[in-house]
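Data block below; observations after.
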Amino acid sequence: MTDQSSPEPAGGNTGKREPTLDAKVIDIAIRLGVLGLFAYFSLQLIAPFFLFLLWAVVLTVALYPAYDWLAGKLGGRKVMSAILITLLCLAIVIGPVAVLVVSLVETLSGWFHGITGDGLTLPKMPEKLASLPVIGERIAELWALASRSLELFLTKVGPMLVPAGGRILSMLASLSGSVLFFIVSIILAGCLFVPGPALGKGAKRFADRIMAPRGSEFVDLAGATIRNVSRGVIGVAVIQGLLTGILLIAFSVPLAGVLTFIALILCIIQIGPALVIIPTIIWAWSSWEFVPALAFTVLMVPVMLVDNVLRPILMSRGLDVPMLVILIGVLGGTITHGLLGLFLGPVVLAVFYELVIAWVKVGEGE
């Protein structure tokens, strides 16, 4: 009798069939869907802390050379070095704000006691103010009114000052929120210094999986760009703010501490100290004699322009990316995403530039 059974598959595999193309697609889709759900819920969990973590990473990368140098000087005490760097950064952030708050409280307290005790008197108005075109006559009128009766002056000018006062209060509230944001980011950065090398290796391995074989190069490029931008932006801003403060104090300009702090913030956000220095120079020419006003101007103008010389030198050092790409990234990132974009803009644009160059070279080789 003839055997009607089907022949055995080659290789002796009697039970399994190769999955069809549709089954493979469905299997991959299910896996990707589950992975996507996990990624979505994970991102939802870290979303409230994302900006804090992003800023902490930026600060860690920017300050890691200083941390490494200090750890070497302390005999390899990495935890102590991280604590000292964190405390120093907190002092830099909190110190100027504390000085600003104390100065404002003292000024407002003096005004309050002067108004309530009739001890607040205005000095004689400088003659040069009255001779200013268009607005000189109006300034002289308001100055005379304030000298005669401060109550009448406030009654007349008060409605115009209320909107400005509201904007100032909102700016102060925003400033306090930004300070709190930086404090939390600095503390998180302090926690990342010690595990920094291990995290860096993990980032390179992840980048190699996505952009092999040059993923680790792009991580190194991102780190170098962050450090150069921090030197070129924060470093130059600190230099400009320090020089501005020294000159304002040396020439006994009123509210020198407040003006220095404002100039520092303007430098960090890439506006520049001109909004503080130019009005101060105008005030000096209207209030001082010719020689001190000229000396103040001659010293202040180079301070106002020094960033145009120092920033390109510091930001392009050690990078193969053209300086124009870095500058466009800094300006575009600042305009689009504010202070955080100041660092992320050049990093993203530099990595994209290198990706395009690598792609073009591969095409030419083929």
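Only the coordinates and a few stated rules stand behind these numbers; no lab work does. Because the structure is a prediction, the values reported are computed rather than measured. Virtual Cβ from ideal backbone geometry, glycine too; neighbours counted across all protein chains shown.
Brief remarks follow.
- Stretchable slack from LEU35 to VAL348, in nm (0.36 nm times residue separation minus alpha-carbon distance): 110.1 nm
- Modelled FRET efficiency - R0 41 Å, LEU21 with ILE328, Cβ distances, 0.05 increments: 0.30
- By average C-beta atoms within 10 angstrom, highest first, the peptides 223-230, 210-217, 292-299: 223-230, 292-299, 210-217
- Footprinting exposure proxy ranking of TYR67, TYR353, TYR40, fewest other C-beta atoms within 10 angstrom first, gives TYR40, TYR353, TYR67.
- Point-to-point label distance, VAL301-GLU289, nm (Cα→Cβ direction, 7 Å offset): 2.2
- Computed from the C-beta positions of PHE50 and VAL79, the FRET efficiency with R₀ = 22 Å rounds to 0.25.
- Ranked list, fewest to most other Cβ atoms within 10 Å of each Cβ, for CYS89, CYS191: CYS191, CYS89
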